[in-house]
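Visitor: So that we are looking at the same thing, I have put the structure below in structure tokens.
The values are calculated or read from the model by the stated rules, or taken from the named source; none is laboratory data. For clarity, every value in this text was computed on a predicted model and none was experimentally measured. Every residue, glycine among them, receives a Cβ derived from its backbone with ideal geometry; neighbour counts consider all protein chains shown.
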């Protein structure tokens, strides 16, 4: 199986099947990034298509000496942030959906204790509210870290900022 970087090089040589393979490999993670930031399924599908059009048009800018995934995640994140800025509306992220199983395990561990369940629900609402009040760039960092499981170096590459800024 060819690496993503090799497929990108083949795309530049006109190999449309190589681009199709890249789309197949990245359609789910790209959609996931966009959907988590936008919050609306249909709009996320549209933006995901735009991301792949941008990838195809800007593939010549990709540095094949670097990893492909941070490059495409950056395009997806930037497209999502641009769409949010155009809409200028608050997007609600669902903490359960975004942070998945780890939170679910924590949450379901105390199902027999009503007081504990109440406290956890209250905590969930507090966290949801806090995340939704963050600017888009900070939400992007949280989503890339906890939902896409990227490390600080990878997040800095995706967002085009220094690793130190991510760690702040």
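Visitor: Quickly run through segment 22-43 and pick out the residues that are crowded, with 18+ Cβ neighbours inside 10 Å and either under 16 Å from residue 68 (Cβ atoms) or without any contact (Cβ under 8 Å) to a residue 40 or more places away in the chain (or both).
Guide: Once the filter is applied, which keeps residues that are crowded, with 18+ Cβ neighbours inside 10 Å and either under 16 Å from residue 68 (Cβ atoms) or without any contact (Cβ under 8 Å) to a residue 40 or more places away in the chain (or both), segment 22-43 yields 22, 26, 30, 31, 33, 35.
Visitor: Sticking with this one: Scan segment 146-160 residue by residue and report those that are at pLDDT below 85 and assigned to a loop (DSSP other than H, G, I, E, B).
Guide: Across segment 146-160, the qualifying residues are 147, 148, 149, 150, 160.
Visitor: Which of the residues belonging to segment 58-72 are assigned to a helix (DSSP H, G or I), under 11 Å from residue 12 (Cα atoms) and either touching a strand residue (DSSP E or B) at 6+ places or on another chain (Cβ under 6 Å) or touching a residue at least 40 places away in the same chain (Cβ under 8 Å) (or both)?
Guide: Looking only at segment 58-72, we keep the residues that are assigned to a helix (DSSP H, G or I), and these are 58-61, 68-72.
Narrowing the set further to residues that are under 11 Å from residue 12 (Cα atoms) leaves 58-61.
59, 60 - these are the residues of segment 58-72 that are assigned to a helix (DSSP H, G or I), under 11 Å from residue 12 (Cα atoms) and either touching a strand residue (DSSP E or B) at 6+ places or on another chain (Cβ under 6 Å) or touching a residue at least 40 places away in the same chain (Cβ under 8 Å) (or both).
Visitor: Now a separate question. Only one of 96, 46 is modelled with pLDDT under 90 and surrounded by fewer than 19 Cβ atoms within 10 Å (Cβ to Cβ). Can you tell me which? Spell out how you get there, then give the answer.
Guide: Values: 46 fails: modelled with pLDDT under 90.
The match here is 96.
Visitor: Among the numbered criteria (1) surrounded by 13 or more Cβ atoms within 10 Å (Cβ to Cβ); (2) modelled with pLDDT under 80; (3) within 15 Å of the chain's Cα centre (by Cα), which one does residue 103 miss?
Guide: (3)
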